[in-house]
Amino acid sequence: MPIFRSKAQAELLARVLLHPDEQFSLTDLAEHTGVALSTMHREVAQLITAGIFTDRYVGRTRLISAADTPVVAPLRHLVMLAYGPPQVIAEEFALVGVEKVVIFGSWAARYEDQPGRQPNDIDVLLVGEVSRLQMYTAADLASERIGKPVHPVVCSAQVWANPEGDVLVSEIQKSPHLTVFEREAV
């Protein structure tokens with residue numbers, strides 16, 4: 001969404017505003033957005049001055065959270081629509097047996113700055129083994145949080161690694177897609 005100065009700023013807003021009951025250290029926010037800690041200091045300072053974030057210190061650690069001001073609720077809604085789906089999808093679909101979660105389709109294309117209409121839904125691919133009940137329950141929860149339908153499909157890790165013969169997975173890998181969750185190998 002072109003109303004934010006940068007994708008990093010939007011991801012910072014999403015991280016803090018979409019988790020209103022949590023507090024984040026500057027280091028955590030810098031790592032999450034992939035920006036330098038000095039840049040994060042400046043971004044956070046501007047958002048505190050604007051009344052969007054608040055801060056407090058615990059020892060030497062500065063903790064950041066969403067402010068309780070009238071501007072935050074509508075901004076939270078806008079951030080959810082534009083940058084919230086990756087976080088929500090990752091949280092809801094990090095199910096037992098899921099190795100990777102990928103957003104694809106029109107939402108991923110807009111996220112990658114390809115022009116087009118605002119997507120009406122979000123397409124999600126789960127790589128791994130998961131029960132249909134868990135998958136559709138997670139989709140319902142994600143849809144409710146995001147405010148848009150979420151349509152999941154599943155494929156095995158073998159198909160993801162070698163998609164020959166699977167038209168959908170081949171097309172996903174060739175098109176804009178966004179990996180939002182990847183289970184760490186044990």
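The values are calculated or read from the model by the stated rules, or taken from the named source; none is laboratory data. Keep in mind that what you see is a predicted model, and the values were worked out from it rather than measured. Note that we place each Cβ from the backbone using ideal geometry, even for glycine, and neighbour counts take in every protein chain shown. Just so you know, the surface numbers come from the protein's heavy atoms only, side chains and all, with ligands and any DNA or RNA stripped out. Shrake-Rupley method; radii C 1.70, N 1.55, O 1.52, S 1.80 Å.
Quick look at the numbers
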quantity: Restricting region 169-186 to residues that are loosely packed, with under 14 Cβ neighbours inside 10 Å and acidic (D, E), the residue that is farthest from the chain's Cα centre (by Cα); calculated: E171
quantity: Contacts under 7 angstrom Cβ, first residue in region 149-167 being of a type in the set (D, E, K, R), partner at pLDDT 95 or above and part of a strand (DSSP E or B), 6 or more apart; calculated: D166/C155
quantity: The one condition in (1) in contact (Cβ under 8 Å) with a residue 60 or more places away in the chain; (2) part of a helix (DSSP H, G or I) that F4 fails to fulfil; calculated: (2)
quantity: Residue among V169, V96, V154, V159 that is of a type outside the set (D, E, K, R) and in a strand (DSSP E or B); calculated: V154
quantity: Residue in region 124-168 that is farthest from I89 (Cα to Cα), counting only those that are charged (D, E, K, R) and open to solvent by 40 Å² or more (accessible area, probe 1.4 Å); calculated: E164
quantity: Residue match in region 63-79 (condition: modelled with pLDDT of 95 or more, among the acidic types (D, E) and more than 22 Å from K7 (Cβ to Cβ)); calculated: no
quantity: Condition broken by G84, with the remaining ones in (1) surrounded by 14 or more Cβ atoms within 10 Å (Cβ to Cβ); (2) over 30 Å from I48 (Cα atoms) satisfied; calculated: (2)
quantity: Condition met for V98 (β-branched (V, I, T), crowded, with 16+ Cβ neighbours inside 10 Å, more than 26 Å from R76 (Cβ to Cβ) and out of contact with any helix residue (DSSP H, G or I) (no Cβ under 8 Å at 6 or more places or on another chain)); calculated: yes
quantity: Test: residue in region 114-123 that is in contact (Cβ under 8 Å) with a residue 24 or more places away in the chain, closer than 19 Å to V169 by Cα and open to solvent by less than 30 Å² (accessible area, probe 1.4 Å); calculated: yes
quantity: Residue check, V16 in contact with a helix residue (DSSP H, G or I) (Cβ under 9 Å, 6 or more places away or on another chain), in a helix (DSSP H, G or I), touching a residue at least 40 places away in the same chain (Cβ under 8 Å) and closer than 27 Å to E112 by Cβ; calculated: yes
